[in-house]
Amino acid sequence: MKTLKGWVLLMGLCALSTASEPTGRYKAIYDQLLSLQAKNPQLAKVFSIGTNDEGTEIYALRVSVTPEQMDSAKIGQLIVATHHGNEGGSTLFAVEYIKDLLKRYQTDELWRANLSQMEWTIIPVLNVSGYNANRRHEHGEDPNRDYPGPCKTKGYGKLKSIRTLMSFLETRPFAGSVTAHGYVGNFTYPWGFYTDNNKTLDENQYRQIFRKVAEVNGYSYGNAGDAVYPANGCFEDYVYWKHGSWSLLLELRTGSSSDVAGTVPAIARYFDLIDSSPSSKNQFQANCTRVNGPDLRGE
Ligand SMILES: [Zn+2]
């Protein structure tokens, strides 16, 4: 039986559990996701992977032939953009990739057979407050240094957004992963941290795939530690090390609409070339170096 006291308690709990609504630039991206879902109800579903430190939902779009619910029997593919709030080109990339993907589902006979086996999760904005403020960091932390790794065994997971994404990665396997940043103009693969040997056991396979990906738009490619700078605690290493997901770090060149338009087919090619299951050769077998060294990477 409901008493007045019970109702007051219930309403209080509801108020506590109500997440913050999207605001600012993030709301515009959320509205775009809703619009894409409305136009493609048979293929696209907006959902939340969980909340950040503000209690704001971090929204993703699921694209599949059965989008209403997660289907772990399908091949999981993941795109995460906007770890850095001031890299709006990466946000644009995620949205443009979704549009192109939906078009391929609808019009491309050749693609459709492959795509029907896949389930895509695309997160256009991970660092919501940073995106709204056009700021790299989230709560003064660099989100793309907040993951654990073979050479980062403490001082990670300070941000709830990162803990939320790490939890989400446990919910199903992802064969492939792309994380989008700017602005260098290259594609890189693990390892990207400070180690005396940054070549994974998949080095040859990575190199062959990335050469073909880079042919599409003329970007450079290579090992992240060699081609950019080493940094500890990055998503691109974490997702491969922890889950074996084939991992590509996209550094857009300028993030302009033409740069993004030229890069979308390159990433589509990447997902076409990788194996349909995570790597089983993702163990780190070298030594960490300069664990507390300077973080030189600005991208
Ligand atoms: Zn970045």
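The values are calculated or read from the model by the stated rules, or taken from the named source; none is laboratory data. Quick caveat: nothing in here was measured; it's all calculated off a predicted structure. All Cβ positions, even for glycine, are placed from backbone atoms using ideal geometry, and neighbour counts span all protein chains on display. Each accessible area value is taken on the protein alone, full model and side chains, heavy atoms only, with ligands, DNA and RNA left out. Shrake-Rupley method; radii C 1.70, N 1.55, O 1.52, S 1.80 Å.
Close amide H partners of Thr56, meaning residues 5 or more places away or on another chain with modelled amide H under 5 Å apart, are Ser20. Largest mean-square fluctuation among Val228, Val239, Val63, in a Gaussian network model of the chain whose springs join Cα atoms under 10 Å apart, belongs to Val228. The distance linking segment 33-51 with segment 160-178 is 18 Å (Cα centroid to Cα centroid, whole angstrom).
Would you calculate, for the chain, the mean residue ellipticity at 222 nm contributed by helices, counting each DSSP H stretch of 4 or more residues as -39,500 (n - 2.57) and dividing by all residues, to the nearest 500?
Values: 10 runs with 118 residues, N = 299.
The per-residue figure over the chain is -12000 deg cm²/dmol.
Projecting the Cα atoms of Gly76, Pro41, Thr200 onto the charge dipole of the chain, computed from C-beta unit charges around the Cα centre, puts Pro41 farthest toward the positive end. Give the carbon-plus-sulfur fraction of the accessible surface of segment 19-273 in %, rounded to a whole number; probe 1.4 Å, heavy atoms of protein chains only. Carbon-and-sulfur percentage of accessible area, whole number: 49. Against the chain, whose longest principal axis comes from its Cα atoms, helix 203-217 is set at around 80 degrees.
Can you tell me which of Thr82, Thr263, Thr153 moves the most in a GNM of the chain? Springs connect C-alpha atoms under 10 Å apart. Among Thr82, Thr263, Thr153, the largest mean-square fluctuation in the Gaussian network model of the chain belongs to Thr153. Computed from Cα atoms, the angle from the helix 24-39 axis to the main principal axis of the chain rounds to 90 degrees.
What is the magnitude of the charge dipole of segment 164-292 about its Cα centre, with +1 placed on the Cβ of each Lys and Arg, -1 on the Cβ of each Asp and Glu, and no other charges, expressed in debye to the nearest 20?
60
For helix 257-273, what angle does its Cα long axis make with the longest principal axis of the chain, in degrees from 0 to 90 and rounded to 10? Computed tilt is about 80 degrees.
The trypsin sites (Lys or Arg not before Pro) of segment 202-294 that meet both conditions, a loop assignment by DSSP and at most 16 other Cβ atoms within 10 Å of the site Cβ, are Lys281, Arg290.
The antiparallel fraction among DSSP beta bridges confined to the chain stands at about 40%. Shown are Val65, Val95, whose ranking by accessible area with a 1.4 Å probe and every protein chain present, most to least, is Val65, Val95.
For segment 230-281, the per residue solvent-accessible surface stands at 32 Å², with DNA, RNA and ligands left out and a 1.4 Å probe.
Comparing mean-square fluctuations of Gly85, Gly176, Gly157 from a GNM of the chain with C-alpha springs under 10 Å, the top value falls on Gly157. Taking segment 135-149 and a reference point 7 angstrom along Cα→Cβ of Leu34, no backbone N atom is nearer than 12 Å.
The largest accessible area among Met70, Met118 belongs to the first residue in Met70, Met118, and the rest follow in falling order (1.4 Å probe, all chains).
Loop-located GluC sites (Glu not before Pro) in segment 135-194 (DSSP state other than H, G, I, E, B) with a sparse environment of at most 13 neighbouring Cβ atoms within 10 Å: Glu170.
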